[in-house]
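Colleague: Take this structure, written in structure tokens, and hold onto it; I'll ask about it next.
The values are calculated or read from the model by the stated rules, or taken from the named source; none is laboratory data. The structure displayed is predicted, hence computed values, not measured ones. Note that we place each Cβ from the backbone using ideal geometry, even for glycine, and neighbour counts take in every protein chain shown.
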Amino acid sequence: MTNPFLDSIINQLVSLTGLPADELRSIVQGPPDVKKGDYAFPCFVLAKKERKNPAELASELAGEFQPDAYIERAEPAGPYLNFFVHRKACIEHVLGCIHEQGEDFGNLNAGEGNTIVIDYSSPNIAKPLGVHHLCSTMIGNSLYRIFKALGYRVVGVNHLGDWGTQFGVLLGAYKRWGDSLSEKTVNGLVELYVRYSDEMKEDEALGEEAREWFRKLENGDETARALWEEFREISLDEFKRIYERLGVQFDSFAGESFYNERIDATVERIQEAGLATISQDALVVDLEDYDMPPCILRKSDDASLYATRDLAGIQYRKETYDFEKVLYVVGADQRLHFRQLFKVMELLGDEVAAKCFHVDFGLVLFHDPEVGGWAKGSTRKGNLELLEDVLDRAAELALQIIEENEKKMDFVDSKEEIAEAVAIAAVCFGILCKSRQKDVKFDWDEILSFRGKTGPYLQYAHARQASILRKYGKKVTGEVDLGRLDDPEEFELAMWLSVFPRAVEKAAAEFEPSCIANYLLDLAAVYSRYSQDSVRHKILSDDEELTAARVLLVSCVRTVLQKGLYLLGIIAPEQM
Ligand code: ARG
């Protein structure tokens, strides 16, 4: 949807200030506080440029501003220029759009014809999913949905860590003791791996054996290959079970092994460009000039590395998808790795370097009574670090809360189903509501609360609205007299609804699902203030016209809440 109110402001500001429209769009705020204004233009940047006082500039601009069909007036307030939209026009426009577009509201066409590749989750096989994979998985999943809403073709890639010398260790271990495994699970594989690694420390021969197995794997030896495929299958089965629980999907599982046959070409390209040197028997790209350690391409035994496979991956993705951007949703601990990769691409003179982004994030921390503070969860201390354990614990706690509040709730799905939906929402929202670079502190009471700034709170608000619409019993129609929505709070709600597409746009521009999460909290808070005044704002009353208008408003809020939650990867049950 275009927003003619904002467009009108931007158009006039372009001619009044001479600043480009894109820049103005990012500067203009709104709604800061509808009592003071619906949109605001902070004058600081322009004032600095023109060497003027921001407050004087605001007054000047206000004097020159021409009211039109969308904007009633502009007023200076200190260094800000505040705009007031025509309230009735705004309500009509936004409720009309949302009613007509339904769940398509918030979709834009900025990305049409372009492709974005998102590399997310990307765990290592033969290891269980850890809680740290939650951030990559959920941030990536949300960005996937956000860019789809912007009209992009999005390719979601799970760059599985399914190659590397560690598989030599696992093969060696499996060959020795594989028969002793009671069941073939990821945990079983981990046990074998740990046992072999431990014994390897004492016994040189085992190390050599492991290297030999990896060589065999790289050279396509049948036994090695068949076993490795089995490890991959076992792992993927487990991963997929958890992805299903989280509602997460991928278009491709092309992991590190996929690039094996492209390693030679990748290394040759770098050598031909004169970038590769030998250092301590390894083939590297020296990055000293850029204050980074060398990027290692091949070890002394010729084996490729994580970075080599990523370099091959960039080239493959470029050829296959012709992307506008590729996003690597990976923890901040790999910052150096990505800086090195992108620098090598840049040194190759490849324009793709400017299209690669490392979308990093902080840690997930749990309260650790032993340390008396926040710590990375560890199984040993009885804290949780496995992703599945965290989800199970959340579901268990959610079920308890639901059972305690059963009387206040009304649901048709089983308690367990609602508990699962609430649990996933709590965990996802707990991660997505913070700027992604901040550490996430998981406090169970906090993230599961139906009252705080949480996923369950938003789900509950949505379910209450759905319940009002069910009680209304009739089809919601757009043919209502919107002049009846003349309370300032009703306008305030409409104003918030109208800026939802902006939140989506901002989330995409900053790779920040939290922009949508925070928007939804604001919207829900405004709605909650509105609906708590149940005398003035009784939705279903004997006044049929007023009821029809208010029902339309509630229906639009519900639509936007549902869509926003969807973009975060959270389902919004109709009843709970
Ligand atoms: N497998 C890696 C890990 O678990 C993450 C891979 C991220 N993606 C990439 N293209 N490097 O740490």
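For every residue, the table says whether it meets (1) under 24 Å from D481 (Cβ atoms); (2) modelled with pLDDT of 95 or more.
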position: F5; (1), (2): yes, yes
position: S8; (1), (2): no, yes
position: V34; (1), (2): yes, no
position: Y39; (1), (2): no, yes
position: Y70; (1), (2): yes, yes
position: I98; (1), (2): yes, yes
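Colleague: Here are the criteria: (1) within 16 Å of the ligand (Cβ to nearest atom); (2) closer than 24 Å to K438 by Cβ; (3) out of contact with any His (no Cβ under 8 Å at 6 or more places or on another chain). Tell me which single one K343 does not satisfy.
Modeller: Looking at each condition in turn, K343 falls short on (2).
Colleague: If you don't mind, there's one more thing I want to ask. Which condition number does P67 fail, the rest of (1) outside any helix (DSSP H, G or I); (2) under 29 Å from N518 (Cβ atoms); (3) not charged (D, E, K, R) being met?
Modeller: (2)
Colleague: Give me the helices (runs of 4 or more DSSP H) completely within the stretch 490-576, filtered to those with at least 2 residues that are in contact with a Ser or Thr (Cβ under 7 Å, 6 or more places away or on another chain), modelled with pLDDT of 95 or more and on the phi < 0 side of the Ramachandran plot, ordered by residue number.
Modeller: Answer list for the stretch 490-576: 544-568.
Colleague: Here is a follow-up. Would you mind stating whether D310 is at pLDDT 95 or above and within 16 Å of the ligand (Cβ to nearest atom)? Before the answer, list the steps.
Modeller: Details: at pLDDT 95 or above: yes; within 16 Å of the ligand (Cβ to nearest atom): yes.
Spelling it out, D310 is indeed at pLDDT 95 or above and within 16 Å of the ligand (Cβ to nearest atom).
Colleague: R317 passes all but one of (1) out of contact with any Cys (no Cβ under 8 Å at 6 or more places or on another chain); (2) over 23 Å from F511 (Cα atoms); (3) surrounded by 20 or more Cβ atoms within 10 Å (Cβ to Cβ); which number fails?
Modeller: Condition (2) is where R317 drops out.
Residues are listed down the side, and each one gets a yes or a no for (1) more than 25 Å from I314 (Cα to Cα); (2) crowded, with 18+ Cβ neighbours inside 10 Å:
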residue: V154; (1), (2): no, yes
residue: V169; (1), (2): yes, yes
residue: G178; (1), (2): yes, no
residue: G188; (1), (2): yes, no
residue: N219; (1), (2): no, no
residue: F231; (1), (2): yes, yes
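Colleague: Here's a check for you: in the stretch 145-158, which residue that is within 15 Å of the ligand (Cβ to nearest atom) and out of contact with any helix residue (DSSP H, G or I) (no Cβ under 7 Å at 6 or more places or on another chain) is farthest from H133 (Cα to Cα)?
Modeller: Of everything passing the filter in the stretch 145-158, V157 is farthest from H133 (Cα to Cα).
Colleague: Let me ask something additional. Kindly indicate the residue of the stretch 110-136 that is more than 11 Å from the ligand (Cβ to nearest atom) and not in a loop (DSSP other than H, G, I, E, B) and also farthest from E510 (Cα to Cα) among those meeting that condition. Before you say what the answer is, go through the steps one by one.
Modeller: Our first condition is that a residue be more than 11 Å from the ligand (Cβ to nearest atom); within the stretch 110-136, this holds for 110-116, 126, 128, 131, 134-135.
Remaining after also requiring not in a loop (DSSP other than H, G, I, E, B): 115-116, 134-135.
Numbers: T115: 17, I116: 14, L134: 20, C135: 16 Å.
Checking each candidate, the answer is L134.
Colleague: Counting only residues that are in contact with a helix residue (DSSP H, G or I) (Cβ under 9 Å, 6 or more places away or on another chain) and not aromatic (F, W, Y), which one in the stretch 318-332 is farthest from the ligand (Cβ to nearest atom)? Steps first, answer last, please.
Modeller: Looking only at the stretch 318-332, we keep the residues that are in contact with a helix residue (DSSP H, G or I) (Cβ under 9 Å, 6 or more places away or on another chain), and these are 318, 323-331.
Imposing the further condition that a residue be not aromatic (F, W, Y) reduces the set to 318, 324-327, 329-331.
Values: K318: 14, E324: 18, K325: 14, V326: 9, L327: 10, V329: 8, V330: 4, G331: 7 Å.
Applying the filter and picking the extreme gives E324.
Colleague: Here's a follow-up. Looking at the structure I just gave you, is A55 under 23 Å from C556 (Cβ atoms) and more than 36 Å from the chain's Cα centre (by Cα)?
Modeller: So A55 does not fit the description; no.
Colleague: In this structure, is V364 within 16 Å of the ligand (Cβ to nearest atom), surrounded by 12 or more Cβ atoms within 10 Å (Cβ to Cβ), under 31 Å from the mean Cα position of the chain (by Cα) and more than 29 Å from L134 (Cβ to Cβ)?
Modeller: no
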